[in-house]
Amino acid sequence: MKKDCSDIGCHNCAMKSVPFSKLTDEQLEYADKNKTVVTYNIGETICKKGAPLTHVLFLWDGIAKVYTDLPNQKHVIMKLLKKCDMYAGPGIFADEKYHYSVTALTPVKLCMIKIEAFYEIARQNSLFTYELLSLSNHAHIRYMFHLTSLTQKNMQGRFSDMLLYLRHHIYDENPFTANTSRQDMADMTAMSKESLIRIMKEFKEEGLIEVNGDTITLLQEEKIKFISEHS
């Protein structure tokens, strides 16, 4: 029987994020004692924007969306979380609030470490803290790229950015089977669902992609990159 994070400790976990690979055995044991394993079903809220930041999240399995709420019950998806990702958001080391909501797109299993234990480990281990800063800066770069895409590119450019993001950063394969609904894709690109479907149809008719249900194949990836860079 395959063991999961409920059965093994942080010390023996083969899926440790880079910061946690820098911890001593004692620090891993301390993290394990302050860890809770939680599962979420599709559509369940993992954390809510504005709520107190009580835990740092580590995805053992599944995919979740990180999004911000807008008026009229709309929201913009900022990023997706996948297996082995760590998430706390910009509130960590700041105001200790979740600044984005997180919802499960697939069944999700999480390791949740108490924020007080996380801070204590960061105070003790400079290599751990260095890797946290690296992750934070990469996340900031990604957010700025996404913001530029949403505000400066046309719909074809935004759709191309989303395709390349899913292809390279989430699924790392081509073709890939998307766990995102058409509405999720619209929320990732700041479009209406109707506009998203229309742009997807255009890309299919131009031979850029093939779509079979939830499976998407990038047929002309270089041309999609060109559209991303020049739209």
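The values are calculated or read from the model by the stated rules, or taken from the named source; none is laboratory data. These figures come from a predicted structure and were not determined experimentally. Don't worry about glycine lacking a Cβ; one is built from the backbone with ideal geometry, like all the others, and counts go over all protein chains shown.
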Checklist outcome for this item: Taking segment 43-83 and the residues there that are among the hydrophobic types (A, V, I, L, M, F, W, C) and under 10 Å from the mean Cα position of the chain (by Cα), the one that is nearest to Lys114 (Cα to Cα) would be Leu59
Checklist entry - Given the conditions (1) closer than 15 Å to Val76 by Cα; (2) at pLDDT below 95; (3) not small (Gly, Ala, Ser), and given that His140 satisfies all but one, which numbered condition is not satisfied? => result (1)
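Listed residues Glu116, Glu131; which is modelled with pLDDT of 90 or more and surrounded by 13 or more Cβ atoms within 10 Å (Cβ to Cβ)?
Matching residue, one of Glu116, Glu131: Glu131.
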Item to check | Residue within segment 88-108 that is of a type in the set (A, V, I, L, M, F, W, C), in a loop (DSSP other than H, G, I, E, B) and under 14 Å from the mean Cα position of the chain (by Cα) present | outcome: yes
Item to check | Tabulated pairs, segment 167-178, first in a loop (DSSP other than H, G, I, E, B), second surrounded by 18 or more Cβ atoms within 10 Å (Cβ to Cβ), C-beta under 7 angstrom, 6+ apart or interchain | outcome: Asn174/Arg167; Asn174/Leu218; Pro175/Ile216; Ala178/Leu166; Ala178/Ile216
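Out of the residues in segment 179-201 that are β-branched (Val, Ile, Thr) and outside any loop (DSSP other than H, G, I, E, B), which is nearest to Ser101 (Cα to Cα)?
Step one: of segment 179-201, the residues β-branched (Val, Ile, Thr) are 180, 189, 197, 199.
Filter again for outside any loop (DSSP other than H, G, I, E, B), leaving 189, 197, 199.
Details: Thr189: 17, Ile197: 25, Ile199: 27 Å.
Step by step, filter segment 179-201, then rank; the result is Thr189.
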Next on the checklist: Just the residues that are under 15 Å from Ser160 (Cβ atoms) and touching a residue at least 12 places away in the same chain (Cβ under 8 Å), please, taken from segment 192-210.
Outcome noted: Ser195, Leu196, Ile199, Met200, Glu202, Phe203, Gly207, Leu208, Ile209
Checklist entry - Within segment 204-220, is there a residue that is at pLDDT 95 or above, out of contact with any Gly (no Cβ under 8 Å at 6 or more places or on another chain), closer than 20 Å to Met78 by Cα and buried (at least 16 other Cβ atoms within 10 Å of the Cβ)? => result no
Checklist entry - Where residues in segment 157-166 are hydrophobic (A, V, I, L, M, F, W, C) and in contact (Cβ under 8 Å) with a residue 40 or more places away in the chain, which of them is nearest to Ile199 (Cα to Cα)? => result Phe159
Next on the checklist: Return the residues of segment 202-229 that are part of a helix (DSSP H, G or I) and not β-branched (Val, Ile, Thr); say none if nothing qualifies.
Outcome noted: Glu202, Phe203, Lys204, Glu205, Glu221, Glu222, Lys223, Lys225, Phe226, Ser228, Glu229
Checklist entry - So is Ile42 β-branched (Val, Ile, Thr) and modelled with pLDDT of 80 or more or not? => result yes
